[in-house]
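> Once you've had a glance at the structure underneath, I'll fire off some questions.
The values are calculated or read from the model by the stated rules, or taken from the named source; none is laboratory data. Just so you know, these numbers come straight off a predicted model, no measurement behind them. Quick reminder, even Gly has a Cβ in these numbers, built from the backbone with ideal geometry, and neighbours come from all protein chains shown.
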Amino acid sequence: MQDARFVRVLLRRPDLRTPFPRKFAERLRGQTVVRVARRGKYLLVELSSGDTLVMHLGMSGAFSVAAGPSAERAEADRHDHVVFEMSPHAIVTFNDPRRFGFMDLVTRKAMPGHAALSKLGPEPLSPDFDAAALARACKGRKTSLKVALLDQRVVAGIGNIYASEALHRAGLSPRRKASTIATRTGAPLAGAVRLTAAIKAVLIDAIERGGSYAATRGHRFRVYEREGEPCLTKKCRGTIKRITQMGRSTFFCPTCQK
DNA sequence: CCGCGGGCCTGAGAGC
DNA sequence: TGCTCTCAGGCCCGCG
């Protein structure tokens, strides 16, 4: 991807969740890719111009890459909203049926103050994210542990599946108040230590299995989408339950998650 | 500041 | 077959 050049950018509609910025295609054309990075759920492509292409897949967004010139490309799907024609020959297509994804071009100057990016919590797999950091972020929070994990300011990048998965792995109930894993002084309790380790383990596991949601579809999660099925924790005879928290499904085992 | 509800979109599947 | 309903991996906005 490094040194790849944007030859042509095709927008097949004016917006995703938000409108594309003015002159989006023009500003990309001719730029080369300096670096590809990620922050939380945001994809960042640094360009030779100094701008950063900031992208989010939302719920249903996906990229596909095809080698070869565009002329050889098959008929576009109705949800293929953006096509990047790269040099050397590669066609990168963004498909997103629900259009909850978005793309933006941010200048070097505007990057530090970016509304969404600047509020993100620590990267879960970085050393910055430890039990003390999690405890601090949960301190004083009246909301549930599950909802706290979905808050990208607490820790960046956890979604609805892995919030449930991590809590099961840590043996913590999603219904617990987030503040109960931190002491009043902010020192981490055993729960924070276990949850931090569980989050890291769940993510590493997912990445090793192929990373994406699509790639994990075939494998059985520990609790996600397993309502009514037996708990997989050793020696636990519990049954997975599904509840709704803040309008979103949570799966957990009431027997081994306290 | 926090917590919560609604809205944004389309598609898949269940039930009638 | 077709309608209606619910649910889906995320985030933003406005309210209290």
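> All but one of (1) at pLDDT below 95; (2) buried (at least 19 other Cβ atoms within 10 Å of the Cβ); (3) closer than 25 Å to A:THR239 by Cα hold for A:GLU165; state the number of the condition that does not hold.
Among (1) at pLDDT below 95; (2) buried (at least 19 other Cβ atoms within 10 Å of the Cβ); (3) closer than 25 Å to A:THR239 by Cα, A:GLU165 violates only (1).
> Something else: Under 7 Å between Cβ atoms, at least 6 apart or on separate chains: pull out the pairs that start in region A:139-166 with a residue that is in the same structural domain as A:ALA37 (by TED's automatic domain parsing) and end on any residue that is part of a helix (DSSP H, G or I) and aliphatic (A, V, I, L, M).
none
> Tell me, which strands (runs of 3 or more DSSP E) wholly within region A:45-106 include 2 or more residues that are touching a residue at least 12 places away in the same chain (Cβ under 8 Å) and under 21 Å from A:ARG27 (Cβ atoms)?
Values: elements: A:52-56, A:62-67, A:80-87, A:90-95, A:102-106.
Those strands (runs of 3 or more DSSP E) span A:52-56, A:80-87, A:90-95, A:102-106.
> Further question: Name the single residue that is farthest from DNA strand B (Cβ to nearest atom) among those in region A:25-44 being free of Cβ contacts under 8 Å to residues at least 12 places away in the same chain and not small (Gly, Ala, Ser).
Taking region A:25-44 as the starting set, the residues that turn out to be free of Cβ contacts under 8 Å to residues at least 12 places away in the same chain are A:26, A:37-38, A:44.
In the following step, the residues that additionally are not small (Gly, Ala, Ser) were identified as A:26, A:38, A:44.
On the way: A:GLU26: 24, A:ARG38: 22, A:LEU44: 22 Å.
Across region A:25-44, the extreme among qualifying residues is A:GLU26.
> Here's a follow-up. Restricting to region A:114-159, name every residue that is within 15 Å of DNA strand B (Cβ to nearest atom), assigned to a helix (DSSP H, G or I) and out of contact with any Leu (no Cβ under 8 Å at 6 or more places or on another chain).
Hits for region A:114-159 are A:SER118, A:LYS119, A:ALA133, A:ARG136, A:ALA137, A:VAL147, A:ALA148, A:LEU150.
> Let me ask you something else. Can you name the residue in region A:92-119 that is modelled with pLDDT of 95 or more and aliphatic (A, V, I, L, M) and is also farthest from A:ASP151 (Cα to Cα) among such residues?
Going through the qualifying residues, I end up with A:VAL92.
> Same structure, new question: Please count how many residues of region A:25-45 are of a type outside the set (Lys, Arg), away from DNA strand C (no atom under 16 Å from the Cβ) and either buried (at least 18 other Cβ atoms within 10 Å of the Cβ) or not assigned by TED's automatic domain parsing to the domain that holds A:PRO88 (or both).
The number of residues fulfilling the criteria is 3.
> Does A:LEU172 satisfy the condition of being away from DNA strand C (no atom under 13 Å from the Cβ), assigned to a loop (DSSP other than H, G, I, E, B), modelled with pLDDT of 95 or more and under 22 Å from A:CYS231 (Cβ atoms)?
Working: away from DNA strand C (no atom under 13 Å from the Cβ): yes; assigned to a loop (DSSP other than H, G, I, E, B): yes; modelled with pLDDT of 95 or more: yes; under 22 Å from A:CYS231 (Cβ atoms): yes.
Considered against the rule, which asks whether it is away from DNA strand C (no atom under 13 Å from the Cβ), assigned to a loop (DSSP other than H, G, I, E, B), modelled with pLDDT of 95 or more and under 22 Å from A:CYS231 (Cβ atoms), A:LEU172 comes out as yes.
> A:ALA148 fails exactly one of the following numbered conditions: (1) small (Gly, Ala, Ser); (2) at pLDDT 95 or above; (3) under 26 Å from A:LEU53 (Cβ atoms). What is the number of that condition?
(3)
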